[in-house]
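Heads up: the structure comes next, in structure tokens.
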Amino acid sequence: MRLMIPRKLIAEMIAHALEQDPEECCGVLFGKDGVAETSRRMQNAHQNKVSRYTMEPLELMQAQNEADRNGQQFVAIYHSHTYTQAYPSETDVNNAVESGWTDPFYVLVSLVEKTRPIVRAYRIGDDGSVNEVAIASDGQAYRGSGK
Ligand SMILES: [Zn+2]
């Protein structure tokens with residue numbers, strides 16, 4: 001499935017990541033059929049926020065209800081990596097498989113280069129496979145610059 005994220009939502013994810021830096025930020029993108037329409041910041045509930053993230057089950061449930069009310073789906077789950085590349089870590093993959101959240105895309109924002117945040121998207125399969133998905137944005141492929 002395709003993934004479309006408007007530039008303003010990409011900018012919002014990057015802004016969120018920079019605000020939480022050096023801790024990881026996390027959130028979700030709502031929309032339909034692989035097209036993100038709105039974003040929602042979530043709290044990082046993990047004890048070690050610098051290298052991990054966890055979403056509170058209650059907050060996640062509230063977000064799910066919000067999406068349902070608006071007739072939207074969870075298009076993607078995003079989080080930032082403040083010291084590593086925009087690629088799902090082994091922990092990210094294990095969490096996705098164990099939680100069963102393999103339908104949404106996983107969007108990673110890397111702040112390895114603070115002046116040039118990188119945003120990439122992946123599908124994580126039930127078998128732990130990781131495949132990058134091109135992000136379309138406002139009609140064009142997103143090229144990874146923070147502008
Ligand atoms: Zn991660």
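The values are calculated or read from the model by the stated rules, or taken from the named source; none is laboratory data. Quantities reported herein were computed from a predicted structural model and do not represent experimental measurements. Don't worry about glycine lacking a Cβ; one is built from the backbone with ideal geometry, like all the others, and counts go over all protein chains shown. For the accessible areas, the whole protein counts, side chains as well, though only heavy atoms, and no ligand, DNA or RNA atoms are used. Shrake-Rupley method; radii C 1.70, N 1.55, O 1.52, S 1.80 Å.
Across region 91-147, what is the total count of residues that are in a loop (DSSP other than H, G, I, E, B), at pLDDT 95 or above and of a type in the set (Asp, Glu)?
2
List every residue pair whose Cβ atoms lie under 9 Å apart, where the two residues are 6 or more positions apart in sequence or sit on different chains, the first residue falls within region 8-34 and is over 15 Å from Ser110 (Cα atoms), and the second residue, located anywhere, is open to solvent by less than 10 Å² (accessible area, probe 1.4 Å) and part of a loop (DSSP other than H, G, I, E, B).
Val28/Pro104; Leu29/Ile5; Leu29/Pro104; Gly31/Ile5
If Pro22 meets every condition in (1) farther than 18 Å from Pro117 by Cα; (2) part of a loop (DSSP other than H, G, I, E, B) apart from one, which number is that one?
It fails just one condition, (1).
Can you confirm whether region 45-57 contains a residue that is assigned to a strand (DSSP E or B), within 15 Å of the ligand (Cβ to nearest atom), open to solvent by less than 30 Å² (accessible area, probe 1.4 Å) and in contact (Cβ under 8 Å) with a residue 12 or more places away in the chain?
no
For region 72-93, state whether one or more residues are away from the ligand (no atom under 16 Å from the Cβ), open to solvent by 60 Å² or more (accessible area, probe 1.4 Å) and over 18 Å from Gln43 (Cα atoms).
Within region 72-93, one or more residues are away from the ligand (no atom under 16 Å from the Cβ), open to solvent by 60 Å² or more (accessible area, probe 1.4 Å) and over 18 Å from Gln43 (Cα atoms).
Within region 6-36, which residues are charged (D, E, K, R) and either farther than 17 Å from Asp103 by Cα or touching a helix residue (DSSP H, G or I) at 6+ places or on another chain (Cβ under 6 Å) (or both)?
Arg7, Lys8, Glu12, Glu19, Asp21, Glu23, Glu24
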